[in-house]
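Reviewing the structure listed below.
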Amino acid sequence: MGLPDASGDLSSEVEVHAFRRLFPLRFYERHLSESIRPDGRPLGRARDTTIALGAVASADGSALAKIGSTTMLAAIKMEVMTPSMESPDEGCLAIDFHMPPICSPIVRPGRPAEAAPVVSKQLSDTISSSVMADLKELSLVSGKAAWMAYLDIYCLDADGALFDAALLSAVAALSHLQIPAVSLNEDGRVVVVSEEDEGKPEKEPVNREKRKLTLKSIPFSLTCILHKNYILADPTAEEESIMETLVTVVLDSSSQLISLYKPGGPVLANTSAIQDSIALTRQRVRELQKILDEANSGMEVD
Amino acid sequence: MEIDRVDGRTANQLRPLACSRNILNRAHGSASWSQGDTKVLAAVYGPKAGTKKNENPEKACIEVIWKPKTGQIGKPEKEYEMIVKRTLQSICVLTINPNTTTSVIVQVVNDDGSLLPCAINAACAALVDAGIPLKHLAVAICCCLADSGCVLLDPTKLEEQKTKAFAYLVFPNLTLSILPEGSLKVEGEPVEQAIITSVTQGAMSVDDYLRCLERGRAASAKMSAFLRRSLPLQNPSDSSKAG
């Protein structure tokens, strides 16, 4: 590079960065042959994960989940509605995933990201496939009133493994959700009980106090990249753009396979690759369960 | 274990398959694929010059447009587009025509269950009809898990809605008869046993999923044979239409 020896370190560092940009695949393969990744993680380890519950004070349930740099904010707002004719004693859960331009340089305002509707649909499919939330708990008066929960997930920083972080924040928000207390007023309509109305006798509470949803087996996911013989868990955005074959495995805490999502990609997955991904996911489910339990018990201490 | 399916099929029986090529006049390649009552029409235009903004210009690009039978285009259609696009990207030879875009338009004619596999089969046949260079073919199948734990192949829409879980699987289809025995093994397992795409819905155990994979593979051999029989041109004087 022509730089003097005194700054010999600088010249080799510049070469490494240039090599990373010019030949990304070879840069990664040099690391993979030593069973390590550029950020120092071994191949099967996910990035540091944190969950903060109650991030949005005005929402009925909310959570901020971070996996490495990928940040997702989930919030739930509840509204009373009339249930549909086919299921008069069930409420409804509407899930929407947004990728605002803040999250990534490739998302421009007015041009929605390609990944957004796909992750949104994947999330709704996963949450409806798992038996986590029983929609019958969201019912108030059978046939007349039920809760509609709007779960919105905003991506604040997109650095790979978007579905994992989104599912984690959705699940954390649902575990933090407190259904507000309601009562029937004179017209027969359901209204939310606010703190000042506590003493009035005419209103008969349908829902005495705030209650939480009982969540049965919670789904957790892990996205892996398949590249030749290697399986990399929890990819960053750079890894996802270079090695394009992704497999997302969703397992719930009773080890049922909720989803095994592999949307094409240049590398074919044989049975051993699938089983290895499932094994990595099982381990990850245990880690995430612990992190979620700690976050929940931290909230209860307050 | 006898399973009573509404249309009288056994658990391993597929619906009648029908495939016709070259049905659209203006498209460079077109095919229609039907499995029972589910029918999908696919058309291929390309390769055209230029790629879209975020795509790699050193490779050919594939663009998929999914048109539902009724209603507006929403999130499910965008997801299907992404899945079909990534599946087709893995079977096309992308390095032959760099900086070009091939458009695949999928039109749903009738949906009676197993829609995504039918669409992938139709798109693959349309690519062959257009003469786009492919590494190998792709065969897609749907396996669903009945309550008794039995794996049913190629469910109708009613069966899909009633079962607790189903999986769409896409397998590669190679010409094993031409290549020598040992050349295609990946980790001791023949390449044909690997999956290109898998999309599942509903909760099932890991063993059930592996059983679905095996049944799907066995059935994909039958579908591959049908695909290769119906693809050759009936009329040898038809010339390619891609400019």
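How many residues are assigned to a strand (DSSP E or B) and on the phi < 0 side of the Ramachandran plot if we restrict to the range B:21-64?
Looking only at the range B:21-64, we keep the residues that are assigned to a strand (DSSP E or B), and these are B:21, B:29-35, B:38-49, B:61-64.
So of that shortlist, the ones also on the phi < 0 side of the Ramachandran plot come out as B:21, B:29-35, B:38-45, B:47-49, B:61-64.
Within the range B:21-64, residues that are assigned to a strand (DSSP E or B) and on the phi < 0 side of the Ramachandran plot number 23.
Considering only the range A:221-233, I want to know if a residue exists there that is in contact with a strand residue (DSSP E or B) (Cβ under 7 Å, 6 or more places away or on another chain), at pLDDT 85 or above and aromatic (Phe, Trp, Tyr).
No, because not a single residue in the range A:221-233 is in contact with a strand residue (DSSP E or B) (Cβ under 7 Å, 6 or more places away or on another chain), at pLDDT 85 or above and aromatic (Phe, Trp, Tyr).
Kindly indicate whether any position in the range A:180-188 is polar (S, T, N, Q) and either surrounded by fewer than 19 Cβ atoms within 10 Å (Cβ to Cβ) or closer than 20 Å to A:Val249 by Cα (or both).
Yes, that holds for at least one residue.
Looking only at the range A:254-286, filter to residues that are within 15 Å of the chain's Cα centre (by Cα) and assigned to a helix (DSSP H, G or I); which one of those is farthest from the other protein chains (Cβ to nearest Cβ)?
So the residue we want is A:Arg284.
Which of the residues that make up the range B:193-220 are more than 7 Å from chain A (Cβ to nearest Cβ) and either among the β-branched types (Val, Ile, Thr) or more than 22 Å from B:Gln13 (Cβ to Cβ) (or both)?
Across the range B:193-220, the qualifying residue is only B:Asp207.
Going through the range A:43-84 one residue at a time, which ones are among the basic types (Lys, Arg) and outside any strand (DSSP E or B)?
From the range A:43-84, those among the basic types (Lys, Arg) are A:45, A:47, A:66, A:77; that's our starting set.
Once the filter is applied, which keeps residues that are among the basic types (Lys, Arg) and outside any strand (DSSP E or B), the range A:43-84 yields A:Arg45, A:Arg47.
If B:Ile132 meets every condition in (1) assigned to a loop (DSSP other than H, G, I, E, B); (2) more than 17 Å from B:Ala42 (Cβ to Cβ) apart from one, which number is that one?
Every condition holds for B:Ile132 apart from (2).
Against the condition more than 14 Å from chain A (Cβ to nearest Cβ) and of a type outside the set (S, T, N, Q), how does B:Ile23 come out, does it pass? It would help to see each step written out before you state the result.
Values: more than 14 Å from chain A (Cβ to nearest Cβ): yes; of a type outside the set (S, T, N, Q): yes.
It is true that B:Ile23 is more than 14 Å from chain A (Cβ to nearest Cβ) and of a type outside the set (S, T, N, Q).
Quick check: is even one residue across the range A:91-113 more than 15 Å from the chain's Cα centre (by Cα), buried (at least 21 other Cβ atoms within 10 Å of the Cβ), in a loop (DSSP other than H, G, I, E, B) and away from chain B (no Cβ under 14 Å)?
Yes, there is a match, as at least one residue in the range A:91-113 is more than 15 Å from the chain's Cα centre (by Cα), buried (at least 21 other Cβ atoms within 10 Å of the Cβ), in a loop (DSSP other than H, G, I, E, B) and away from chain B (no Cβ under 14 Å).
Where residues in the range A:222-238 are among the hydroxyl-bearing types (Ser, Thr, Tyr) and in a strand (DSSP E or B), which of them is surrounded by the most Cβ atoms within 10 Å (Cβ to Cβ)?
Here the answer is A:Thr223.
Select from the range B:123-138 the residues that are crowded, with 23+ Cβ neighbours inside 10 Å, touching a Cys at 6+ places or on another chain (Cβ under 8 Å) and under 22 Å from A:Ala269 (Cα atoms) and list them in ascending order.
Once the filter is applied, which keeps residues that are crowded, with 23+ Cβ neighbours inside 10 Å, touching a Cys at 6+ places or on another chain (Cβ under 8 Å) and under 22 Å from A:Ala269 (Cα atoms), the range B:123-138 yields only B:Ala138.
Just need a number here: residues in the range A:73-98 that are within 26 Å of A:Ala57 (Cα to Cα) and touching a residue at least 60 places away in the same chain (Cβ under 8 Å).
11
On the given criteria, is B:Ile83 β-branched (Val, Ile, Thr), closer than 29 Å to A:Leu22 by Cβ, crowded, with 18+ Cβ neighbours inside 10 Å and within 14 Å of another protein chain (Cβ to nearest Cβ)?
Details: β-branched (Val, Ile, Thr): yes; closer than 29 Å to A:Leu22 by Cβ: no; crowded, with 18+ Cβ neighbours inside 10 Å: yes; within 14 Å of another protein chain (Cβ to nearest Cβ): yes.
In short, no.
Is at least one residue of the range A:173-184 away from every other protein chain (no Cβ under 14 Å), more than 19 Å from A:Ile218 (Cα to Cα) and in a loop (DSSP other than H, G, I, E, B)?
yes
Being of a type in the set (Asp, Glu) and out of contact with any Leu (no Cβ under 9 Å at 6 or more places or on another chain), is that true of even one residue in the range A:53-63?
Here is the first cut: in the range A:53-63, the residues of a type in the set (Asp, Glu) are A:60.
From the residues that got through so far, the ones that are out of contact with any Leu (no Cβ under 9 Å at 6 or more places or on another chain) too are none.
For the range A:53-63, residues of a type in the set (Asp, Glu) and out of contact with any Leu (no Cβ under 9 Å at 6 or more places or on another chain): absent.
Do we have any residue at all in the range A:239-253 that's part of a loop (DSSP other than H, G, I, E, B) and at positive phi?
Checking the range A:239-253: not a single residue is part of a loop (DSSP other than H, G, I, E, B) and at positive phi.
Only one of these conditions is not met by B:Asp112: (1) crowded, with 20+ Cβ neighbours inside 10 Å; (2) over 13 Å from B:Pro47 (Cα atoms); (3) in contact with an Asp or Glu (Cβ under 6 Å, 6 or more places away or on another chain). Which number is it?
(1)
Considering only residues that are over 23 Å from the mean Cα position of the chain (by Cα), under 23 Å from B:Gln201 (Cα atoms) and either crowded, with 21+ Cβ neighbours inside 10 Å or facing chain B (nearest Cβ under 10 Å) (or both), which ones fall in the range A:114-146?
If we filter the range A:114-146 for residues that are over 23 Å from the mean Cα position of the chain (by Cα), which is where we start, we get A:136, A:139-146.
Add one more test, that the residue is under 23 Å from B:Gln201 (Cα atoms), and what stays is A:136.
Passing the criteria: none in range.
Can you give me the number of residues within the range B:138-173 that are in a loop (DSSP other than H, G, I, E, B), over 17 Å from the mean Cα position of the chain (by Cα) and charged (D, E, K, R)?
2
Which residue pairs have Cβ atoms under 9 Å apart, sit 6 or more places apart or on different chains, and have a first residue in the range A:142-164 that is at positive phi and touching a residue at least 12 places away in the same chain (Cβ under 8 Å) and a second that is of a type outside the set (A, V, I, L, M) and assigned to a strand (DSSP E or B)?
A:Gly160/A:Thr70; A:Gly160/A:Thr223; A:Ala161/A:Thr70; A:Ala161/A:Ser221; A:Ala161/A:Thr223; A:Ala161/A:Thr248
Among the candidates A:Phe23, A:Phe27, which residue alone is surrounded by 15 or more Cβ atoms within 10 Å (Cβ to Cβ) and over 28 Å from the mean Cα position of the chain (by Cα)?
Of A:Phe23, A:Phe27, the one residue that is surrounded by 15 or more Cβ atoms within 10 Å (Cβ to Cβ) and over 28 Å from the mean Cα position of the chain (by Cα) is A:Phe27.
The values are calculated or read from the model by the stated rules, or taken from the named source; none is laboratory data. All of these numbers come straight from a predicted model, not from anything done at the bench. Cβ sites come from the backbone with ideal geometry, for glycine too, and all protein chains shown count toward neighbours.
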